[in-house]
1. Tell me which residues, restricted to segment 160-205, are of a type in the set (Gly, Ala, Ser) and under 15 Å from Val240 (Cα atoms).
2. Could you say whether any residue in segment 579-594 is in contact with a Leu (Cβ under 6 Å, 6 or more places away or on another chain), at pLDDT 90 or above and more than 22 Å from Leu390 (Cβ to Cβ)?
3. Residues of segment 373-413 being on the phi < 0 side of the Ramachandran plot and in contact with a Phe, Trp or Tyr (Cβ under 9 Å, 6 or more places away or on another chain), which ones?
4. Based on this model, can you work out whether Arg172 counts as outside any helix (DSSP H, G or I) and open to solvent by 60 Å² or more (accessible area, probe 1.4 Å)?
5. Being out of contact with any Lys or Arg (no Cβ under 9 Å at 6 or more places or on another chain) and either open to solvent by 20 Å² or more (accessible area, probe 1.4 Å) or charged (D, E, K, R) (or both) narrows it down to one of Ser215, Ser229, so name that one.
6. If I go through segment 372-417 residue by residue, how many of them are closer than 26 Å to Ile516 by Cβ and without any contact (Cβ under 8 Å) to a residue 12 or more places away in the chain?
7. What number goes with the only condition from (1) more than 22 Å from Pro373 (Cβ to Cβ); (2) β-branched (Val, Ile, Thr); (3) open to solvent by less than 20 Å² (accessible area, probe 1.4 Å) that Thr458 does not pass?
Amino acid sequence: MSGSRTGTPPAESAPAGVPPGRAAGLLGAGVLRAWGPGLGLAVAACVLLPAVLPAYWIYLAVAAMVGAVLMQSYGVIVGRAGMMSLCQMSFAAIGAWVVLRLNLADAPGGFLLWLPLGGLAAVPVGVAIGLPALRIRGVNLAVVTLGFAVSTDIVLNASQFPGTAELKALARPALFRSDGAYFVLTVLVFVLLAIGLAAVNRTRVGRSWLEVRHSERAAAAHGISVTRSKLTAFAISAFVAGIGGGLMAGQLGLVVSGNFAMMQSLALFAVAVLIGPHNPEGAIAGGVFGALMATLLDRLHLPQDLGGILFGATAVLALRSGMSQTDLVRLRRRERAARPLLEAASQATPPTGPPTDSPPSPAPAPPPVAGAPLLEVRGLGVRFGEVVALDRVDLTVPAGTVTGLIGPNGAGKSTLIGAVTGFLPGYAGTVTLDGEPLDRLTPSARARRGLRRTFQTTAIAPELTQHEYLDIVAGRALPEREAEQILAFFGCPPAAVPVHILDAGTRRLLDVAAAIAARPAVALLDEPGAGQSAAESLDLGRKLARVPERFGVSVLLVEHDMDLVRAACATVTVLDHGLVIATGPTDDVLADPGVRAAYLGTVVEETL
C-alpha cells in the first residue's frame, strides 16, 4: 500500500510496528479512564445523595434510576439492534403486574426474587412481538409494536393492577425500605444489568446486533442468523424492561395503567434516539433527562408541552444523522485512544531482511486436493420476470486457486454471486461445495458451511474496532497476534483502531481481511479493488494470489481491473449477457477476440 492512507502499516509488517499487546493496553487504558470516573460517581451517589438531598429530590433520583433501567431496554432493541420498538413500557407493565400479583399472594422469596421473575415473564411476550420483525422493519415494525402498546393500554384500562382493589401496596425489603435505601437498590440493579449487558455485547450474539442494525444482508453473509439475533434482542430488552417495571412498582407501592401508557413508550423512545442508551452513561443520562425534565420546566416557568416538542425535534435530527449524542462522544473518545496506535504505526521502521510470511496461528487446515473441484456451479439460471439474467452458467473454483469472474457491466456477475451464496433463491441449476449440495440452504447456513462473500458496498458498524469486526465475521475470538497479522497482510492499520476513522478504501480491505479471517472454503470477493489506486490495486492482486497457500482459502474474484485480475487469478471465466463466453487460463482468455469484443462493444477483426 502507498502512503496515501495515514497510519497504514507496511504490507508485510506484523503487527505494523506496534509491540504485541500494546494495542490492547493503549485502548485498555482508555477504557479504565472512561469507567473509573463513572464507578466513582456511582459509589459517591449511593453514599452522599441519600444523606444530603431533600426527600423530594431523593424521590426524583429514584425515578431517574428506574428510568435508566428502562432506558437500558431501549439500548438493546433500539441502540444496538436498530429496531424501532414502541412498546417497551408494555413489557415493563408485565413485570410490574407479576411483582404485584406475587405480592398480593404473599408468595415466598420476597421482592428481590419477584423482580427477576417479572422480567422473565416479559420474555415470551417479547419474543412473540419480535416475530413480525423477521419480515418487516423500520416504520412498519414501529406500527406493529405501537399496536401492541395500544392493545396493552386497553387491557390495563379495563382491569386494575393486582393489589389496587385491595389497597395492598408492595412492601419493600427491610434493608431498602426508605427512599434513600431504595435508591441504592436501584443503582445496584442498574449496575448488575449494565455488567450483564456488557458481557452479552462482547459475545457473538451481542455483536451480531450491530451487524443486523447496519446490514442484514452482510450479517447473513457472515454466517449470522438474523432470526436468532432479532429474537434475542427482543427477549433481552423485554427482560430488562420487565425489571424496570418491577422497580417502578417498588418505588410507587401501587401502580396504575397511566404509568405504562403508550405515550410513555413514545417519549422514552424519543429520548433513546436522542441520547443513545446502549451504554451505561447514555442510559443514566436518559433516565435523568426523563425524570427531571418536567421539574426543570416547572422551575423555569415554561409550559410542559415544551418537553414533548424538544423530544420530537431532537429525535428527528438524531434519526436523520444516524448517530445519537453518546455515540458521537464515544466515537471521539475511541478516536483519541487510537491516535497513539496510528502514530506508532506511521513512525515504525519497516522490518529489514526477508518478511516473515509464516501463517497466523492457528495454521489453516489443509484444503482438499489442490486443483480438485471445490465450488461447482452447474446449469445456473436466474430470471427476473421475462429478463434472463443468467442462462445455464457452469463455473468451477478448484481448491487452492484464485479464479476470476469478469465481464462487462450488466453481464450477470453480481447476480451469480447472489445466487451462489443464497441471496437469490429460486434459481435453476445446482451449487455444490466440496461435493455437498447447498441449494436448499439459507445465506447464513451457506456461510457457516464455508462460503463467504463481500459486497460492493461495505456496511461495517462504525462503533467497532477492526479486531471486533474480525471476531464477528470469523465467528470466534481471534487472538490479537492472528488479527494483527491478517490485517497487516492486507495493509490495514493496527487491530485496535476503530472503524469509523478508516477511509472507504481501507474499509473495503478490512472487509476482505475479515472474510479471509473466517477461513471459509471459498471466499467470493465482489470488486475488492474499488477505491484503490493503480499501484494499490496491483499490490492487492499479488496478495490475493497468495491467499490460498497462506490462509487455506480458495477465492472467486469478481473484478473490472484487469491488472488486478492478471496478478491474482490463475484462471478466468467471462460472462456476457448472462452467458459464459470464455473460460481458461487468464492470459489466454484476456487475449481472446470474443472477450475483447464483449468489453469494447465492437467486433474485433483478427490481423493477418
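1. Within segment 160-205, Ala194, Gly196, Ala198, Ala199 qualify.
2. Taking every residue of segment 579-594 in turn, none turns out to be in contact with a Leu (Cβ under 6 Å, 6 or more places away or on another chain), at pLDDT 90 or above and more than 22 Å from Leu390 (Cβ to Cβ).
3. Hits for segment 373-413 are Leu380, Gly381, Val382, Arg383, Leu390, Ile406, Pro408.
4. In short, no.
5. Selected residue: Ser215, the only one of Ser215, Ser229 that is out of contact with any Lys or Arg (no Cβ under 9 Å at 6 or more places or on another chain) and either open to solvent by 20 Å² or more (accessible area, probe 1.4 Å) or charged (D, E, K, R) (or both).
6. The qualifying residues number 0.
7. For Thr458, the exception is condition (3).
Results for (1) touching a strand residue (DSSP E or B) at 6+ places or on another chain (Cβ under 9 Å); (2) not in a strand (DSSP E or B), shown as yes or no for each residue.
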position: Arg378; (1), (2): yes, no
position: Asp394; (1), (2): yes, no
position: Val397; (1), (2): yes, no
position: Ala411; (1), (2): yes, yes
position: Ala419; (1), (2): yes, yes
position: Pro425; (1), (2): no, yes
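The values are calculated or read from the model by the stated rules, or taken from the named source; none is laboratory data. The model shown is predicted, which means the values in this text are computed figures rather than measured ones. All Cβ positions, even for glycine, are placed from backbone atoms using ideal geometry, and neighbour counts span all protein chains on display. The accessibility values were calculated without ligands, DNA or RNA, using every heavy atom of the protein model including side chains. Shrake-Rupley method; radii C 1.70, N 1.55, O 1.52, S 1.80 Å.
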